[in-house]
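Each remark here refers to the structure printed beneath this line.
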Amino acid sequence: MSHQNEFKKVLLSSPHATLGKKGITEEFILHVQHLLKKYKIIKIKMLKSIATKTNIQSIAEQISNSTNSNLLDVRGKTIIISKKKFNKGN
């Protein structure tokens with residue numbers, strides 16, 4: 001399956017992880033890293049108690065940097081990250 005097809009599949013699926021009111025903890029980062037090893041592309045939903053319009057992008061970048069992954073998309077309170085770099089042409 002191509003990387004773009006995997007992205008579309010994840011986009012339409014339910015979230016793999018949920019970021020709750022505790023925020024980005026060590027356990028959350030380890031869980032996301034485990035999910036990235038298993039699925040390659042994952043979807044993370046942020047609860048409204050942690051995510052506001054002003055900090056969603058910074059939270060997404062922090063998760064991406066902490067897990068050594070690539071931020072593919074931010075839509076509302078949902079982010080999609082990938083283990084590998086994603087090229088739009090592939």
- Query: What percent does the relative contact order of the chain come to when contacts are Cα pairs within less than 8 Å and at least six residues apart?
  - Reply: 32 percent
- Note on the structure: Beyond 19 Å (Cα-Cα) in this structure, taken from K8/K84; K21/K85; K48/K85, we find K21/K85; K48/K85
- Message: Test of understanding: express the Cα radius of gyration of the range 3-82 as a ratio to 2.2 N^0.38 Å, with N the residue count.
- Response: 0.99
- Item | Derived scalar couplings ³J(HN,Hα) [the range 54-61; Karplus, 6.51 cos²θ - 1.76 cosθ + 1.60; whole Hz; x for Gly, Pro] | 7, 10, 4, 5, 5, 5, 4, 5
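Using a 10 Å cut-off on Cβ atoms, rank the peptides 57-64, 11-18 from the highest mean neighbour count down. Mind showing how you got there, number by number?
On the way: 57-64: 16.2, 11-18: 13.2.
Result, highest mean Cβ count within 10 Å first: 57-64, 11-18.
Each value in this text was obtained by applying a stated rule to the coordinates, not by laboratory testing. Bear in mind the structure is a predicted one, so any value in this text is a computation, not a measurement. For neighbour counting, all protein chains shown are included, and Cβ atoms are generated from backbone atoms with ideal geometry for every residue, glycine included.
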